[in-house]
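Each remark here refers to the structure printed beneath this line.
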Amino acid sequence: MNLELIRSDRTDELEQFLANIVIKLKSFSQDLHKLNPTDFLPRYNKARIEIKNNTETTIEYLLLRVFRTGSSIGNDNFDTLPIRTYNLKPKEKAEYELMIFDPFNVAFTEMEISVATEKDWKERQKVENWLSKAGEFSYRVKKSWIRSLIK
């Protein structure tokens, strides 16, 4: 959704959209994992986030900004990540497990995740093939699955 607004240069709508999406980082792993079992090297960090959609629109895709703090790379240690939100409805909140590509593979201390802005996209633009893989990078955690763990 925000990528559509960025590409169409609808700045006012983008700012409104960014103000109405709330992302909370629940957990992350500094260890690297393989996206697919056949991958040669592990290159992805796992994270769990909660997204609250305070807009009036159902959201199917989001472009996120992932910033790894406390690394030797400094402020350049960020990347954009397209995710599928699986029809996140207006006023709805959901949890997601993410696989986040680590382009630098250097140690870091913390991770910050937010909705990507136009500036983020210009600095870390992705090819269409990468964007089409959004569903591989995100999984919506089912509420019933969480409840079964609590029991």
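The values are calculated or read from the model by the stated rules, or taken from the named source; none is laboratory data. Keep in mind that what you see is a predicted model, and the values were worked out from it rather than measured. Cβ coordinates were reconstructed from backbone atoms using ideal geometry, including for glycine residues, and neighbour counts include every protein chain displayed. Side chains are part of the model used for accessible areas, which takes the heavy atoms of the whole protein and leaves out ligands, DNA and RNA. Shrake-Rupley method; radii C 1.70, N 1.55, O 1.52, S 1.80 Å.
Within segment 25-56, count every residue that is assigned to a strand (DSSP E or B) and touching a helix residue (DSSP H, G or I) at 6+ places or on another chain (Cβ under 9 Å).
Residues that pass the stated criteria total 1.
For segment 1-43, how many residues are in contact with a Phe, Trp or Tyr (Cβ under 9 Å, 6 or more places away or on another chain), over 18 Å from Leu88 (Cβ atoms) and either in contact (Cβ under 8 Å) with a residue 60 or more places away in the chain or surrounded by fewer than 13 Cβ atoms within 10 Å (Cβ to Cβ) (or both)?
The number of residues fulfilling the criteria is 7.
Does Lys122 satisfy the criteria of being within 30 Å of Asp9 (Cβ to Cβ) and assigned to a helix (DSSP H, G or I)?
yes
With the condition kept exactly as written, say whether any residue in segment 134-143 is at pLDDT below 90 and under 18 Å from Leu88 (Cβ atoms).
Among the residues of segment 134-143, at least one is at pLDDT below 90 and under 18 Å from Leu88 (Cβ atoms), which makes the answer yes.
Just for segment 44-68: of the residues that are among the charged types (D, E, K, R) and in contact (Cβ under 8 Å) with a residue 40 or more places away in the chain, which one is farthest from Glu112 (Cα to Cα)?
Glu60
Among the residues of segment 66-89, which ones are open to solvent by 70 Å² or more (accessible area, probe 1.4 Å) and not hydroxyl-bearing (Ser, Thr, Tyr)?
Asn75, Asp76, Arg84, Asn87, Lys89
Do we have any residue at all in segment 92-113 that's of a type in the set (Gly, Ala, Ser), open to solvent by less than 70 Å² (accessible area, probe 1.4 Å) and touching a residue at least 60 places away in the same chain (Cβ under 8 Å)?
The answer is no; no qualifying residue exists.
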